[in-house]
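The values are calculated or read from the model by the stated rules, or taken from the named source; none is laboratory data. Note that the structure is a prediction, hence the values are computed from the model and not measured. Quick reminder, even Gly has a Cβ in these numbers, built from the backbone with ideal geometry, and neighbours come from all protein chains shown.
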């Protein structure tokens, strides 16, 4: 399959190295015959959105693309209707797919119009969470909505940690910035206000509970005695490895299965990770084995305490096993491969005049969780 990817980037390989390397690896493995990249923000800034679509159409035609991927196609994007239709009207009729990455609200900061259009015109859309987001998109005309969670960037976060945590500097570490709302009248600020408020409350509770044994990394925490300063995104593993336990932030969205890439990147550090429960996420990684989930701030801190009570050798073994599981199942390379397999099945079925069967999502790997799983595929038409 010949794949053209329009990356949410100014430099595809630098801005999204996990996805870029993932598709390149699929070429090396023979799963893809061609992978061509266009950084759509970079091209649009130079030539405008009409120039981007002209470049995409020319590239897709010259490479005889079988599929076109609009990666994380949300943000400040002009109406993409005409550009997408130009791609779909090419002689090879490439299969078009898109993905949604950021958290969005039910009533405020809803999914941007650019993605609604792309998803409605796409043959399949991959979402990092389902629930009300999938139901809204379905009501707006989208079909074939498939869960594709965020993953660990295998380029930045798969190397063996250089700092061992046998005698850590901290009991608990939190890595994340404090994002103050700029204008509460805006939808974005209103959504971030509540998420940011919960984050501040969690950090305050940790500061009080663990004192000097709490390590706080990120922007905006000036004045907090636990603050260790800013840390580059690609160096977050160094912070986690200085601690016995890693702690996740309160999420900015609560729809089924949603979690940021923070989870997979953090678990890949090899340090046990405590996070907030969202419906369905206990099917992605197994609670008590790969990570520890609390349904409230007190539950999360109690889980941190439980892990701290363990012998360090047991805690380290749990962290290393979770790290191995994430790197073997939940990297961005794995997400690339899953998407390509599903897109290929849709294309092959349509070329032969039939409907594609609904895919099995093998990454939903926690059968020990009781009760039915939330819908991971919505509006399947094949």
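Taken together, the criteria place residue 344 among residues that are over 25 Å from residue 250 (Cα atoms), touching a strand residue (DSSP E or B) at 6+ places or on another chain (Cβ under 9 Å) and outside the structural domain of residue 244 (by TED's automatic domain parsing). Is there a residue being assigned to a helix (DSSP H, G or I), under 23 Å from residue 88 (Cα atoms), free of Cβ contacts under 8 Å to residues at least 60 places away in the same chain and out of contact with any helix residue (DSSP H, G or I) (no Cβ under 7 Å at 6 or more places or on another chain) anywhere in the range 33-46? Yes, because at least one residue in the range 33-46 is assigned to a helix (DSSP H, G or I), under 23 Å from residue 88 (Cα atoms), free of Cβ contacts under 8 Å to residues at least 60 places away in the same chain and out of contact with any helix residue (DSSP H, G or I) (no Cβ under 7 Å at 6 or more places or on another chain). Of the residues making up the range 93-118, those that are at negative phi and assigned to a loop (DSSP other than H, G, I, E, B) number 12. Being at pLDDT 95 or above, assigned to a loop (DSSP other than H, G, I, E, B) and either touching a helix residue (DSSP H, G or I) at 6+ places or on another chain (Cβ under 9 Å) or crowded, with 21+ Cβ neighbours inside 10 Å (or both) is the requirement here; does residue 5 meet it? In short, no. Of the numbered criteria (1) under 19 Å from the mean Cα position of the chain (by Cα); (2) within 22 Å of residue 133 (Cα to Cα), the one residue 359 fails is (1).
Restricting the search to helices (runs of 4 or more DSSP H) fully inside the range 208-312 and requiring at least 1 residues that are in contact with a helix residue (DSSP H, G or I) (Cβ under 8 Å, 6 or more places away or on another chain), within 30 Å of residue 135 (Cα to Cα) and not assigned by TED's automatic domain parsing to the domain that holds residue 373 gives 261-267, 297-309.
Among the residues of the range 83-110, write down those that are touching a strand residue (DSSP E or B) at 6+ places or on another chain (Cβ under 7 Å) and without any contact (Cβ under 8 Å) to a residue 60 or more places away in the chain.
Hits for the range 83-110 are 84, 87, 88, 96, 98, 100.
Checking each residue in the range 117-147 for being surrounded by 24 or more Cβ atoms within 10 Å (Cβ to Cβ) and out of contact with any strand residue (DSSP E or B) (no Cβ under 7 Å at 6 or more places or on another chain) picks out only 129. Does the range 69-82 include one or more residues that are without any contact (Cβ under 8 Å) to a residue 40 or more places away in the chain, outside any loop (DSSP other than H, G, I, E, B) and touching a helix residue (DSSP H, G or I) at 6+ places or on another chain (Cβ under 6 Å)? No - not one qualifying residue is present in the range 69-82.
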